[in-house]
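What follows is a short report on a single structure.
Values quoted throughout were computed directly from the atomic coordinates according to the rules given, and no laboratory measurement underlies them. Note that this is a predicted model, so its numbers are computed, not measured. Cβ placement follows ideal geometry from the backbone for every residue including glycine, while neighbour counts extend to all protein chains displayed.
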Amino acid sequence: MLRLDRVSIERGGKPILDGIDLEIRRGSITAIVGPSGIGKSSLLATLNGLLRPASGTLSVDGIGPLRTPASLLAHRRGSATVFQEHALIARLSALDNVLLGLADRRHPLSPLPWPRAMREEALAALAEVGLLGKALDPVARLSGGERQRVGIARALVRKPRLLLADEPFASVDPALAERLAAEFLRLVREHALTLVIVLHQLDLARRLAERIVGLGDGRVVFDGSPERFDAAAQERLFPLHSAPESTPP
Ligand SMILES: Nc1ncnc2c1ncn2[C@@H]1O[C@H](COP(=O)(O)OP(=O)(O)OP(=O)(O)O)[C@@H](O)[C@H]1O
């Protein structure tokens, strides 16, 4: 559904990733792993169309190469992102935060209340993550796990074809991360979404994803199944024993 051809990415004029070729199949679950600062979030932002490649092409099924503002907009409409720190507005209710997922469907300065149909869609998304009962609670009063569920609902309400997630379970404790990950995976499968997820928990990456893409040194240095992502592959990706911590089994 998505293809990178010889894509190079720069941040602040500095080369980060160089000549990446990557094809993401529709309905697949891909984990992106690699050392800190290597460019995982930058790759995700590129897949989302937020970060324009310095060179190379990103092409999307049904849209084609993303070269014009209109094609970028069409791609962004069909995608959604879940962030590590939720990126929620604490003083707003869970419902209002989920509605922000639909902000690009109405005028940015609209003073009108959210249309009823959109409120219903947002409530349905909250129900999917088990938070209907807290829809009107301000996010400031929710637990870390509940906030992450609101973040997931805000992504789901967009009914995306492509779901991107940037270390979505990094800010909760390991046991909760496991539970949230299982729920997340269930929703991704139920909606037949294409998921690209950045994870620093390698054991979680191996269990969640059907494909692992490892970034190192500006390139893809591993691309294969979780079975092939063995201790030797991990050692190559995280040399100097700098592997991130694993969650306990
Ligand atoms: N907005 C920015 N402006 C300039 N440089 C940036 C910007 N964002 C990231 N960078 C730099 O780009 C490089 C890659 O950052 P990125 O966040 O993509 O890495 P990452 O692999 O996701 O890191 P981490 O695992 O620590 O989150 C880093 O050197 C970072 O300092």
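Can you give the local net charge around A135? Use residues other than it whose beta-carbon is closer than 11 angstrom to its beta-carbon, Lys and Arg +1, Asp and Glu -1.
Summing Lys and Arg as +1 and Asp and Glu as -1 gives 0.
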³J(HN,Hα), Karplus 6.51/-1.76/1.60, whole Hz, each residue of region 223-232, x for Gly, Pro: 8, x, 6, x, 4, 6, 7, 8, 4, 5
Estimated D of the chain in µm² per second, where Rh is the Kirkwood radius over Cα pairs and Stokes-Einstein applies at 4 °C, 1.567 mPa s: 69 µm²/s
³J(HN,Hα), Karplus 6.51/-1.76/1.60, whole Hz, each residue of region 113-118, x for Gly, Pro: x, 4, x, 4, 4, 5
Alpha-carbon centroid distance for the pair region 58-119 / region 139-170, whole angstrom: 13 Å
Max mean-square fluctuation residue, GNM over the chain, Cα-Cα springs under 10 Å, options L202, L88, L112: L112
The chain - mean residue ellipticity at 222 nm from DSSP helices (-39,500 (n - 2.57) per run, n ≥ 4, rounded to 500): -9500 deg cm²/dmol
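Between R186 and D5, what's the calculated FRET efficiency when r is the beta-carbon distance and R0 is 51 Å? Round to 0.05.
0.95
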Where only C-alpha atoms are counted, convex hull volume of region 113-249 per residue in Å³: 138 Å³
Those residues of region 171-209 whose amide nitrogen sits under 13 Å from the label point placed on S143, 7 Å along Cα→Cβ: 172-180
Gain on full stretching of the segment that runs from D173 to D217 - 0.36 nm per residue minus C-alpha separation: 12.9 nm
S8 long-range amide H proximity, modeled H, under 5 Å: G19, I20, A54, S55, G56
From phi via Karplus (6.51, -1.76, 1.60), per-residue ³J(HN,Hα) for region 60-76 in Hz, x at Gly/Pro: 10, 3, x, 10, x, x, 7, 10, 10, x, 5, 6, 5, 4, 4, 5, 5
Modelled FRET efficiency - R0 51 Å, D203 with H107, Cβ distances, 0.05 increments: 0.65
Amide H within-cut-off set for V198, under 5 Å, with H built and near neighbours excluded: I32, A165, D166, E167
Net charge of Cβ neighbours under 13 Å - reference R236; Lys, Arg +1; Asp, Glu -1: -2
Whole-Å distance, taken between Cα centres, linking region 187-221 and region 1-45: 12 Å
Measure of compaction for region 16-63 (Cα Rg per 2.2 N^0.38 Å): 1.18
Largest-first principal axis extents, alpha carbons of region 91-158, Å: 31, 22, 16
For F222, residues with placed amide H under 5 Å, excluding near neighbours: G214
